[in-house]
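See structure below.
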Amino acid sequence: MTPISGFRSIQQQHYLFHEVAKQRGQKLEQRAKVSAPPGYSQHHTGLAVDINSLNQSFANTKTFAWLHKNAGEYGFKLSFPRNNPQGIAFEPWHWAWYGNSKAQQTLHANCLS
């Protein structure tokens, strides 16, 4: 697995939202289905990561299958699955850490002591 994007500043997100929309001729409503407006991205928290590819074909890889099966054990969830209630495009590469009791124990035992 290769992380390709993690923490993003509001300035970086501004570029990804507004400037890329201009480059692609997208209305902001269209852009918001594939990229969060500045100040609203999970990447601002430092808890979200894009893995391997920004292509939906990533969902057909062994890496995605492993993540889908095992990421929850480490406190990660797929942020935008197919038909998500937010109405955001399916992003098989975008995972965020929400934590779980096992992850919290590991964090406190190994990183915060």
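A few notes on this one:
- Estimated dipole of the chain in Debye, rounded to 20 [Cβ of Lys and Arg +1, of Asp and Glu -1, Cα centre]: 200
- With the gyration tensor restricted to C-alpha atoms of the range 1-59, the semi-axes of the equivalent ellipsoid amount to 20, 15, 9 Å, longest first.
- Spin-label pair K69-F90: with each label point 7 Å from Cα along the Cα-Cβ axis, the two points sit 2.0 nm from one another.
- Overall form of the range 63-103 per C-alpha gyration tensor (a/c, 1.5; a/b vs b/c): oblate
- Computed Rg/Rh of the chain, alpha carbon atoms with Kirkwood Rh: 1.00
- Rel. contact order, % - alpha carbon contacts under 8 angstrom, at least six apart, the chain: 27
- In the assembled protein chains, Y15 presents an accessible area of approximately 110 Å² (probe radius 1.4 Å).
- Global geometry of the range 35-79, whether rounded, prolate or oblate, following the gyration tensor of its Cα atoms and the 1.5 cut on a/c: oblate
- Area accessible to solvent at F76, 1.4 Å probe radius, in Å²: 70
- Across the range 89-101, coupling constants 3J(HN,Hα) worked out from phi with the 6.51/-1.76/1.60 Karplus curve, θ = phi - 60°, read 4, 4, 10, x, 8, 9, 10, 10, 8, 10, x, 7, 4 Hz, and Gly and Pro carry x.
- Per residue, in Å², the accessible surface of the chain once ligands and nucleic acids are set aside, probe 1.4 Å: 66
- K102, K62, K27, reordered so the largest accessible area comes first (probe 1.4 Å): K62, K27, K102
- Accessible area of E73 in the full protein assembly, 1.4 Å probe (Å², nearest 10): 90
The values are calculated or read from the model by the stated rules, or taken from the named source; none is laboratory data. Just so it is clear, the structure is predicted and the values come from calculations on it, not from any experiment. Note: ideal-geometry Cβ built from the backbone for every residue, glycine included; neighbour counts use all protein chains shown. Accessible surface is based on the protein model in full, side chains and every heavy atom, while ligands, DNA and RNA are left aside. Shrake-Rupley method; radii C 1.70, N 1.55, O 1.52, S 1.80 Å.
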